[in-house]
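The structure under discussion appears below in the form of structure tokens.
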Amino acid sequence: MSAAPEHGLEPRYQWPIPPAGGWTADDLDRIPGLPPHTELIDGSLVFVSPQRRFHTRTLWLLENSLLSQMPDGLDVDREMTIRIDRKNRPEPDLVVFRGEGDEDADPDPDQTWFRPEDIVLAVEVVSDDSVERDRDIKPRKYAAAGVRHFWRVEKEHGLPVVYSYELDPATHVYVPTGIHRERLELKEPFPIDIDLTAVNRRRPSQDG
């Protein structure tokens, strides 16, 4: 069948056909034309829908708050995959990771993934199409890979609620450490204090 466009229309995108045994972590960087933020879960490609404003604003709040409070030697990135193994490269909404330790060292601008051992915190903001993945599948994979801290963020009455977890090193499963409404205060992985009601505030409040 001809792939030539008809009536001046562009040809339809040809979705990639998985090979026997499924896709691999390396394939994620090689397949042409994948939608942004495509993930690899158990050898299958996972596509995400366009995000709602709550999702964007929540990421903005958390990313900026983490950047302003994290100690030297740590950094934060948005929507970068974690290469867990050959068949899994999930993409958290935010990751806090260990830097190179050299303030003059520039990160690789072409980097597309992190190693699990470099991740200090993974954050998922739950969307309508990601409920099962964000509540069950991806946290289990992060924990099994040794990511020490995990936050799951849900929307409640228009505001973010953060469910925080820490890895039990003996069982490699996450243990809940709190449910945070209006304010997120934690001592680990570093002292954190975030006003969750500021999700729609574009500038920091000025006291006095």
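Annotations for the structure displayed:
- The C-alpha atoms of the chain occupy a region whose extents along the principal axes are 68, 41, 39 Å, arranged from largest to smallest.
- The modelled label-to-label distance between A144 and D108, using points 7 Å beyond Cα along the C-beta direction, is 2.5 nm.
- Gain on full stretching of the segment that runs from Q14 to T171 - 0.36 nm per residue minus C-alpha separation: 52.2 nm
- Summarising the amide proton neighbourhood of F114: residues at separation of 5 or more, or on other chains, whose placed amide H is nearer than 5 Å comprise T81, I82, R83.
- Accessible surface of the chain, 1.4 Å probe, proportion on carbon and sulfur as whole %: 49 percent
- Measuring spread by the Cα atoms of the range 17-103 yields a radius of gyration and Dmax of 15.4, 46 Å.
- Per-residue ellipticity at 222 nm from helix content only, as computed over the chain with -39500 (n - 2.57) for each DSSP H run of at least four residues, stands at -4000 deg cm²/dmol.
- Take the chain with all the other protein chains still there, run a 1.4 Å probe, and you get 61 Å² of accessible area per residue.
- The label-point distance for R115 and E79, in a model that sets each label 7 Å from Cα toward Cβ, rounds to 2.7 nm.
- Proximal lysines to K155, defined as alpha-carbon separation beneath 30 angstrom and excluding residues fewer than eight positions away on the same chain: K138, K141, K187
- Residue of D29, D42, D110 that the Gaussian network model of the chain assigns the largest fluctuation, springs spanning Cα pairs under 10 Å: D110
- Against the chain, whose longest principal axis comes from its Cα atoms, helix 53-69 is set at around 50 degrees.
The values are calculated or read from the model by the stated rules, or taken from the named source; none is laboratory data. These figures come from a predicted structure and were not determined experimentally. Virtual Cβ from ideal backbone geometry, glycine too; neighbours counted across all protein chains shown. Ligands, DNA and RNA are excluded from the accessible area calculation, which covers all protein heavy atoms including side chains. Shrake-Rupley method; radii C 1.70, N 1.55, O 1.52, S 1.80 Å.
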